[in-house]
Amino acid sequence: MTATDLSLTKHNANKLFQRKRLIGFGIPAVIFAYLVYIFFAFDIAGLAGRANLDNAVTLASDSWSHKVHVTRDNRSGEITYAVEGERKGRYPEGQRPDWVSGDEVLTIDLGGDHIVRYLSDNRTEIEIPGFPMIEVQAEGRSLTSNLPADLPDWISASNRRIGITTPEGRITLTGARTEVFNYFPGWELFWFTLDSPYNGQSLGTILFGEQIDPTRSNIAGAISDWWNNAMWRHKDVAWAIGETILMAFLGTMGAAIIALPLAFMAAKRFSPFMLLRAATRRVFDFVRGVDALIWTVVLARAFGPGPMTGALAILITDTGTFGKIFSEALENVDQKQIEGVESTGAKPLQRYRFGVIPQVVPVLLAQILYFLESNTRSATIIGAITGGGIGLMLTQAIQTQKDWEEVAYYIVLIVVMVMFMDWFSGWLRGKLIGRKD
Amino acid sequence: MADISLGGEPRAVDGIQSSYMAQVQRRRLYGGLTLLIFVVLMAAGFNVADSRNAGGFWDGLHQIGDYPAEVLSEAWEKRADLPGLIAKYFPALVETINIAAVSTLIGAIGGLFLSLLGTRGLAKWPRLIPLFRRISDIMRAVPEIVIALVLIFVLGGGPVPAIIAIAIHTAGALGKMFSEVAENADLKPVEGLASTGATWSQRMLLGVLPQVAPNYLSYSLLRFEINIRASAILGFVGAGGIGYELRNAMGWGAGRFDDAAAIFILLFGTIVFFDQVSSRYRNRLTEGQGQ
């Protein structure tokens, strides 16, 4: 190698390194520039102003805790106790939580020496450690209180409404009613609502103890009360999850059944007519391109909300996807096996049956099962749009903006459902076509 | 030995034949049973879905064309307005694409770390491999809409909740696919780099990434395509972009169908365009690797 060759090689190597260096810095720089553009285009800086931290706090605390409302109607003097303030969580007549005591003067012990007293004539006393006793009198629509003019930030007061937030609970007073919220950890009434005789009974008592409800056996009664729990609606939730899985199953399998014959029409090896092949492929591209969102919208007009609409939306979109994948698989079929079958004198249909199908089935099954899992997730999303399944229940629970523990429950269920389908499709794949490794 | 095989041959052939036939019969039986169960499941599922739907399948079947026909005929009448409407909704489309691009970018970076930390032989902390795998499983299992809806409540409507939601799901999904690729990576360059005293990040950057980059890019492109669809759908539930405009246009109903048609055209065109572009580049990436 001469000196000039060497210097040329050196020069080339240098140029190569320079280009690599340029790329090495260029790609991150382009990504960074793009992110800067997004930062301004999406107004990320203004996000802090738009974000609602109170909502975040409510969400975080409500999702793992519940509150019991003690409400005094200042017109009738009636007192109600209800979990989450809901009618279906109300304590039955004559029962109340054990942290409430007294008859004439109702003493509510929020814990940590925070005590609220409902006195006669719509007067209220609130004792908070380290703060003078608060006295409030409700008259008509207005409130009079002994609150000082200079208030700490955990009290908001006007002559119409007073709100006090303590770590132990919350108190709101208006002319019409006085309400105390006492917070507890955990999902209350998850098993039985308060009107069920099994509420508050231990598992041992229900399973082995004496009969609680004279008309029903313990286990049957307990299961039926749990299943029909009005607060958590276990029956509806189970149906909704079933609907979501059903949408995914019907959609995926239906798409596979429709796509398989079409894929033969689109595969070069099995379809002699160029025009037919091209037309089928354009159909695949079209249904895939229209996208599940538009199909859902269009189909919801024809079939109304429900699982069938969701299943059909999945079916149509995936027919396109499956058609494409299947026809690619069919084009990659090994010709030798078909020739081998042919040499035994097999007719065309037999050639397909014994020469082609055994080769493609593992590929097709793997794809179908993978889509079954991924469509469970899509069915949740489509359900939220078209109105069916667990997706609908989740959107409804989020839109009411108060049952965050239900939202948390649904989220856990959805994640468990998807992970189950993931495991199940993997298991089925292992059973049907054997494990890869 | 020869005696035994000679004497036993006819019986052995008979035995083989009969056991083969029995096996074939058993396989046919299992196949038939599986098919039967499948058909029953499909039929039962169809009936349940049909009965729980607001409108029946057979009643709705002949109405499928009604809505598209209405939209198309109205759009055709007002076809002069269409270019204007398409221009009007183009910024919303750009927003949708940007949501998909940013979330794919962030998700791919997240998936890269999840995959490297969750692959045997490459992980920085081998004991934490199961932890990172579970994290990526859970991120993959959460549907985008769950995170998006919760974040919309906290952050208000707009693109950011959608970005975060899609990015989380993308990181989980790509984390799994990436780690399957990384498992097949050749470890010799990594060992070579380790022998020169390279740190973990240098080993990954110089030893692993060049090997896996084409596959990673190809998977990311595929994800980008999926994420465009996802971001359009999330827009429909309030996260901004073309999906949000579509819901509004749908809400106006007849008389404003030309808006809906313009959005349909934009969405369809975008999806087909990115589908073609990404499949072309993905082919080139994976082919280049094979040579």
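The ranking of A:VAL416, A:VAL333 from fewest to most other beta carbons within 10 Å of each one's beta carbon is A:VAL416, A:VAL333. Take each residue in A:349-361, count the other chain C-beta atoms within 10 Å of its C-beta, and the mean is 0.
Measure nothing but the geometry: give the 0 to 90° angle between the long axis through the Cα atoms of A:389-400 and the longest principal axis through the Cα atoms of chain A, rounded to 10°. For helix A:389-400, the angle is close to 40 degrees. Across peptide A:91-100, the average count of Cβ atoms from other chains found within 10 Å of a residue's Cβ is 0. Rg over Rh for region A:282-387 works out to 1.15, both radii taken from alpha-carbon positions and Rh defined as the Kirkwood radius. Summarising the amide proton neighbourhood of A:ARG90: residues at separation of 5 or more, or on other chains, whose placed amide H is nearer than 5 Å comprise A:VAL83. Each of B:GLY238, B:GLY121, B:ALA262 was placed along the dipole of region B:74-286 (beta-carbon charges, centred on the mean Cα), and the one lying farthest toward the positive end is B:GLY121. Treating the angle as unsigned and between 0 and 90°, give the value, to the nearest 10°, between the Cα long axis of helix A:218-227 and the longest Cα principal axis of chain A. The angle comes out at about 70 degrees.
Rank A:PRO167, A:ILE219, A:PHE208 by how far each Cα sits towards the positive end of the charge dipole of chain A (+1 on Lys, Arg Cβ; -1 on Asp, Glu Cβ) and give me just the farthest. Checking the options against the dipole of chain A, the answer is A:ILE219. Between the alpha-carbon centers of region B:217-291 and region A:61-106, tell me the distance in whole angstrom. That distance is 51 Å.
Measuring against 23 Å, Cα to Cα, the residue pairs A:LYS67/A:LYS402; A:LYS235/B:LYS176; B:LYS124/B:LYS176; A:LYS10/B:LYS188; A:LYS268/A:LYS431; A:LYS268/B:LYS176 contain A:LYS235/B:LYS176; A:LYS10/B:LYS188; A:LYS268/A:LYS431; A:LYS268/B:LYS176 as the ones spanning a longer distance. Given the convex hull over the Cα atoms of the protein assembly as shown, what projected area results after averaging over all orientations, in nm²? Averaging across all directions leaves 53.4 nm² for the Cα convex hull. Helical content alone sets the calculated 222 nm signal of the protein assembly as shown at -22500 deg cm²/dmol, taking -39,500 (n - 2.57) per DSSP H segment of four or more residues and averaging over every residue.
In a reduced charge model with +1 at each Lys and Arg Cβ and -1 at each Asp and Glu Cβ, the protein assembly as shown shows a dipole moment near 3320 debye about its Cα centre.
This model, with +1 at the C-beta of Lys and Arg and -1 at the C-beta of Asp and Glu, gives region B:74-286 a dipole about its Cα centre of some 700 debye. Sorting the segments A:16-25, B:55-64 by their residues' average number of neighbouring beta-carbon atoms within 10 angstrom, most packed first, yields B:55-64, A:16-25.
Taking every residue in A:305-318 and counting other chain Cβ atoms within 10 Å of its Cβ, the average works out to 4. Can you tell me the orientation of helix B:242-252 relative to chain B, as the angle in degrees between its alpha-carbon axis and the longest Cα principal axis, to the nearest 10? Once rounded, the angle reads 50 degrees. The HN-Hα couplings worked out from phi for region A:420-428 by the Karplus form 6.51 cos²θ - 1.76 cosθ + 1.60 (θ = phi - 60°) are 5, 5, 4, 5, 5, 5, x, 5, 5 Hz, whole numbers, x standing for Gly and Pro. Within the shell of other residues whose beta carbon sits under 14 angstrom from the beta carbon of A:THR319, the net charge comes to +1, with Lys and Arg scored +1 and Asp and Glu -1.
Tally Lys/Arg at +1 and Asp/Glu at -1 over every other residue whose Cβ is under 14 Å from the Cβ of B:ALA167; what's the total? Local charge sum for B:ALA167: +1. Can you give me the C-alpha center-to-center distance between region B:55-127 and region A:369-437, rounded to a whole angstrom? After rounding, the separation between the Cα centres reads 19 Å. Distance from the alpha carbon centroid of region B:134-150 to that of region A:281-322 works out to 24 angstrom. Sorting B:139-152, B:188-201 by average packing, meaning the other beta carbons within 10 Å per residue, from highest down gives B:139-152, B:188-201. Look at A:THR309, A:THR215 and count the other Cβ atoms within 10 Å of each Cβ; fewest to most, that gives A:THR215, A:THR309. Each Lys and Arg Cβ is given +1 and each Asp and Glu Cβ -1; about its Cα centre, region A:367-437 then shows a dipole of about 360 debye.
A short reminder: the numbers here are calculations on the coordinates, not readings from a lab. Keep in mind it's a predicted model, so treat the numbers as computed, not measured. No Cβ is skipped: glycine too gets one built from the backbone with ideal geometry, and neighbour counts run over all protein chains shown.
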